[in-house]
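Presented below is the structure to which this report refers.
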Amino acid sequence: MDRAVADSSGRVIDSDIHITLPSLKTLHPYLEPRWRDYLIESGTSSLESNLYPSSTPIAVSPAFRSPSGGVSGSDLDVLRSTLLDPWHITYGIVNCTYGVPMIHNDDWAAAMARALNDWQLAEWLEPEPRLRGSIIVPLQNAELAAQEIDRLGSDPRFVQVILPARSESPLGKRRYWPIYEAAVRHGLAIGIYAGGSTGNPITSAGWPTYHLEEYVDMAQAFQAQVISLVSEGVFSKFPELRVVLIESGFTWLPPLLWRFDKNWKGLRREVPWVDRLPSELIRERIHLTTQPLDEPGSPEEFRQLFEQFDAATMLLFATDYPHWQFDSGDDALPDFLSADIERRILGVNAHDAYRF
């Protein structure tokens, strides 16, 4: 896709724009005095995620760097000039993946989530009508998370609740169901993003050594969450719930669908609430963003991959701003897509998933 195609295709929705807190002090005006004093007295300076260390090449695309040298993803004017305007974005969904899940104090986590939500509302969503927000919640305590969703859920500028792929427990477990109930109550999607840090190894075999391993292993976390949501009965309990996997990749999905269906046929008595093929539930209820695009070596292999799952209805266009993985210009979407499928991926699917 190039910018001319984006112009002619109508609605363009970017489903993954990362916004970054410039510093923890930025939140001071949005925190109650108690928690502002707590931060100062404890000497806490940052709760940044370690998935994108600032010095690594994958952290920031040169095209999206701030001319002033500030923290990438923290400047609304840079976002406008480098993404929203040149790409003619109709809506951009912003995701702030700050380290709230790392906090072991439920009340502090809730205060931080509230402050982050008020910050993105005041400094991003209000001044830029093309942006839509993702509600940050204290996943540590589902009751407090539901309260935060109820506080903001009626505001149409928020379109989803955002949760980390690396959670303390698989997200299908009943301890998290109050979050889904609140999301459905307000017509919000659940976005699961690549990140989180809870003390658990990212692999089932233990802790990796290198950042390369952790980055590649992130796909395992997304697969585990998909299996959990289906097997634990979340989609049966909440038939209106929609889930978006953000920055998950999607080349792993077809093999997972095949294996899940095969084993469900032999073990379906264990999960009677899963009353049809897991692949059918996943195709109906889950979307995935296009970036990072794990493209096979040949166009024919890529075409076959698209045919092995419902890419035309499941994929949502995303730039992953400001990260380096975004394939800009003609490489943003595969060349073999029909105009109708391209139109769906660019905007129609996201419009359906988020119900603007």
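Give me, ordered by chain and number, the residues 5 or more places off R132 or on other chains with an amide H under 5 Å from its own placed amide H. Amide H neighbours of R132, under 5 Å, 5+ apart: G92, I93, V94. Note on L267 and Q220: the extension gain reaches 14.7 nm, defined as 0.36 nm multiplied by sequence separation minus the Cα-Cα distance. Counted by Cβ distance under 12 Å from P156, the other residues give a net charge of +2, where Lys and Arg count +1 and Asp and Glu count -1. Counted residue by residue at 0.36 nm each, then reduced by the alpha carbon distance between them, the extension gain from H351 to E284 reaches 22.6 nm.
For N141 and A205, a Förster radius of 41 Å and the Cβ-Cβ distance give a FRET efficiency of 0.85, rounded to the nearest 0.05. Run the quick spin-label model on R276 and S45: label points 7 Å from Cα toward the beta carbon, then report their separation in nm to one decimal. Spacing of the two 7 Å Cα→Cβ label points: 5.5 nm. Beta bridges from DSSP with both residues in the range 169-301: antiparallel share about 10 percent, rounded to the nearest 5. Its alpha carbons considered, the range 3-354 gives a radius of gyration followed by a Dmax of 19.6, 60 Å. Centre-to-centre, using Cα atoms only, the range 128-163 and the range 225-291 are separated by 24 Å.
For the peptides 169-180, 131-142, residues were scored by their other Cβ atoms within 10 Å and the scores averaged per peptide; the highest-first order is 131-142, 169-180. Taking label positions 7 Å along the Cα-Cβ direction at both A122 and S81, the computed distance is 2.6 nm, reported to one decimal. Here the 3J(HN,Hα) profile of the range 209-224, calculated from phi with Karplus coefficients 6.51, -1.76 and 1.60 at θ = phi - 60°, is 9, 10, 4, 4, 4, 4, 5, 5, 5, 4, 4, 4, 5, 5, 4, 4 Hz, Gly and Pro shown as x. Pairs of Lys residues in the chain, spaced 8 or more positions apart or belonging to different chains, with C-alpha separations under 25 angstrom: 5 in total. For V161, the residues 5 or more places off, or on other chains, whose built amide H falls under 5 Å of its own are I135, A189, I190, G191. The residue among W87, F317, A224 whose Cα reaches farthest toward the positive pole of the charge dipole of the range 3-354, with charges on the beta-carbon of Lys, Arg, Asp and Glu, is A224. Once C-alpha pairs closer than 8 Å and six or more residues apart are averaged by separation and normalised to the residue number of the chain, the relative contact order reads 22 percent.
Determine the gain in length on full extension of the stretch E168-Q304; use 0.36 nm per residue of separation and subtract their C-alpha separation, reporting nm with one decimal. Computed gain between E168 and Q304 is 45.4 nm.
Calculated [222 nm] ellipticity per residue, helices only, for the chain: -10000 deg cm²/dmol; basis is -39500 (n - 2.57) per DSSP H run with n ≥ 4, divided by all residues, nearest 500.
Read the figures in this text as sums done on the coordinates, not as results from a lab. These numbers were taken from a predicted model, which means no experiment stands behind them. FYI the Cβ positions are ideal-geometry reconstructions off the backbone, even for glycines, and counts take in every protein chain you see.
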